[in-house]
Amino acid sequence: MRPNPITALPDLGERTREILAAVVREYIRTAQPVGSAALVREYRLAVSPATVRAELALLEDAGLLMHPHTSAGRVPTDLGYRYFIESLMAASELAADERVTVSHQFQQAQRDLDEWLRLAASTLARLSSEAAIVTSPATDRPTVRHVELVPINERRALLVAVFGGGAVRQQLIELPRVVVTDDLRSLSARLTERLGGSTAAKAHQLAAGEHGLAADVAAMVARLLEEHEGARAAEIYYDGVQNILAQPEFAQNERVRGLLGLLEDRTRLASMLPATIARDDVLVAIGSEHQLEPLVGCSIVVGRYGEGTDVVGLVGVVGPTRMDYARSIGAVRYVGALMSDLLRVVDGTWR
């Protein structure tokens with residue numbers, strides 16, 4: 001569920017847990033700091049406001065709540081949301097009538113992947129009331145197929161890297177010394193054998209075990225493969241930006257510009273998405289957990305769709321940390337499962 005599973009969650013008593021859950025739900029609902037009187041009144045807590053204030057202080061000491069400015073109320077921290085998601089939040093599924101409506105919309109769409117991807121983004125945005133992001137599917141990770149060093153002159157050569165699927169990338173390289181053609185041909189054959197079938201991550205590992213020119217060329221192949229992989233992942237559909245721009249968290253123009261700039265930059269947006277997600281899993285990155293400056297105060301909920309062990313495609317939502325996580329996770333799970341079902345009927349044209 002989270003990008004950093006090492007972070008430990010504090011132990012809380014039952015009453016403290018109940019009050020934390022109430023604070024999170026009330027803040028999600030109102031966007032206003034939550035005080036003890038409001039909790040007792042709205043959630044019918046069988047304790048006095050003084051007892052609630054003591055529990056709120058305990059939760060603040062534990063790093064789960066904080067005081068915004070001089071307000072008497074509290075708001076959840078990133079760790080508070082994390083505790084709520086993992087320990088207090090009930091699982092949520094879309095209502096049966098919503099599932100029927102969404103499924104019908106997809107069935108009525110033309111059997112066209114681009115249309116399905118656009119529909120998935122708009123559907124997720126509507127269901128979650130957040131911004132939605134959907135990546136186009138990739139059947140597998142690109143790998144190295146062939147490496148060739150073509151001599152240009154005594155101190156310069158052209159690196160030609162051929163990847164799975166037939167993609168070709170080229171780059172000029174400066175040679176550290178004079179290298180004869182036969183030596184370049186021999187190095188090309190050895191690197192093709194050594195790097196053949198490797199993903200970018202594996203190619204980087206193998207490059208670390210090389211020396212001299214071989215290490216430089218192998219590292220360059222790995223970088224070219226990363227760039228190729230990133231370009232494929234950069235085909236991203238998004239919708240629902242107006243949903244989060246309407247939230248009070250985005251009243252500041254600087255925050256709006258940062259978010260819109262990130263969504264428009266497909267390469268940067270692709271780089272923030274996880275490389276792998278297990279089947280039927282959903283990753284939730286809250287606020288500072290994703291370490292993306294344009295998304296300070298935002299959370300990302302991402303799931304996968306498709307078959308196989310690697311990520312085939314991603315569906316997700318982006319919104320303020322004060323999002324309805326149960327609703328967002330349920331929507332991501334359902335749309336991801338629906339996209340998996342639909343891809344099975346596509347006649348291999350996307351592969």
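Any residue that is hydroxyl-bearing (Ser, Thr, Tyr) and within 20 Å of Glu93 (Cβ to Cβ) - is there at least one of those in segment 127-141? Let's see the steps before the verdict.
In the first step, residues of segment 127-141 are kept if they are hydroxyl-bearing (Ser, Thr, Tyr); the result is 128-129, 135-136, 139.
Add one more test, that the residue is within 20 Å of Glu93 (Cβ to Cβ), and what stays is 128-129.
Checked segment 127-141: at least one residue is hydroxyl-bearing (Ser, Thr, Tyr) and within 20 Å of Glu93 (Cβ to Cβ).
Please determine whether any residue of segment 92-99 is surrounded by 21 or more Cβ atoms within 10 Å (Cβ to Cβ) and either out of contact with any strand residue (DSSP E or B) (no Cβ under 6 Å at 6 or more places or on another chain) or modelled with pLDDT of 90 or more (or both). Give the steps one after another, and end with the answer.
To start, the set of residues in segment 92-99 that are surrounded by 21 or more Cβ atoms within 10 Å (Cβ to Cβ) comprises none.
Within segment 92-99, none of the residues are surrounded by 21 or more Cβ atoms within 10 Å (Cβ to Cβ) and either out of contact with any strand residue (DSSP E or B) (no Cβ under 6 Å at 6 or more places or on another chain) or modelled with pLDDT of 90 or more (or both).
Of the numbered conditions (1) crowded, with 20+ Cβ neighbours inside 10 Å; (2) under 28 Å from Tyr238 (Cα atoms); (3) outside the structural domain of Ala337 (by TED's automatic domain parsing), Leu124 satisfies every one except a single condition; which is it?
Every listed condition holds for Leu124 apart from (3).
Within segment 128-147, identify whether any single residue is free of Cβ contacts under 8 Å to residues at least 40 places away in the same chain, basic (Lys, Arg) and closer than 30 Å to Glu193 by Cβ, and answer yes or no. Step through it out loud before you land on a result.
First, the residues of segment 128-147 that are free of Cβ contacts under 8 Å to residues at least 40 places away in the same chain: none.
Among the residues of segment 128-147, not one is free of Cβ contacts under 8 Å to residues at least 40 places away in the same chain, basic (Lys, Arg) and closer than 30 Å to Glu193 by Cβ, which makes the answer no.
Filter segment 99-112 down to residues that are within 13 Å of Leu338 (Cβ to Cβ) and within 25 Å of the chain's Cα centre (by Cα), then give me how many there are.
Final tally of qualifying residues: 4.
For Val302, are the conditions met, namely being on the phi < 0 side of the Ramachandran plot, at pLDDT 90 or above and not assigned by TED's automatic domain parsing to the domain that holds Tyr325?
Numbers: on the phi < 0 side of the Ramachandran plot: yes; at pLDDT 90 or above: yes; not assigned by TED's automatic domain parsing to the domain that holds Tyr325: no.
Judged against the criteria, Val302 is not a match.
State yes or no: is Ala46 outside the structural domain of Gly303 (by TED's automatic domain parsing), within 25 Å of the chain's Cα centre (by Cα) and not in a helix (DSSP H, G or I)? Give the steps one after another, and end with the answer.
Values: outside the structural domain of Gly303 (by TED's automatic domain parsing): yes; within 25 Å of the chain's Cα centre (by Cα): no; not in a helix (DSSP H, G or I): yes.
Taking the combined requirement at face value, the residue does not satisfy it.
Which one of Arg351, Arg322 is modelled with pLDDT under 85 and surrounded by fewer than 23 Cβ atoms within 10 Å (Cβ to Cβ)? Outline the logic, then answer.
On the way: Arg322 fails: modelled with pLDDT under 85.
Matching residue, one of Arg351, Arg322: Arg351.
I'd like the residue in segment 186-224 that is part of a helix (DSSP H, G or I) and at pLDDT below 90 and, out of all such residues, is surrounded by the fewest Cβ atoms within 10 Å (Cβ to Cβ).
Restricting to residues being part of a helix (DSSP H, G or I) and at pLDDT below 90, the top hit is Ala201.
Take the residues in segment 137-167 that are surrounded by fewer than 18 Cβ atoms within 10 Å (Cβ to Cβ) and assigned to a loop (DSSP other than H, G, I, E, B), then tell me which one is modelled with the lowest pLDDT.
Taking the candidates together, the pick is Thr139.
How do the pairs read when you match residues in segment 178-207 that are farther than 18 Å from Ile152 by Cα and assigned by TED's automatic domain parsing to the domain that holds Ala222 with residues anywhere that are surrounded by fewer than 18 Cβ atoms within 10 Å (Cβ to Cβ) and at pLDDT below 90, using Cβ under 6 Å and keeping only pairs 6 or more apart or on different chains?
Listed pairs, sorted by first residue: Ala200/Glu226.
Which is surrounded by 20 or more Cβ atoms within 10 Å (Cβ to Cβ), more than 13 Å from Val23 (Cα to Cα) and either out of contact with any strand residue (DSSP E or B) (no Cβ under 8 Å at 6 or more places or on another chain) or free of Cβ contacts under 8 Å to residues at least 40 places away in the same chain (or both), of Leu56, Leu119?
Values: Leu56 fails: more than 13 Å from Val23 (Cα to Cα).
Residue meeting the stated conditions: Leu119.
The values are calculated or read from the model by the stated rules, or taken from the named source; none is laboratory data. Quick caveat, the model's predicted, so the values are computed rather than measured. Positions of Cβ are backbone-derived with ideal geometry, glycine not excepted, and every protein chain shown enters the neighbour counts.
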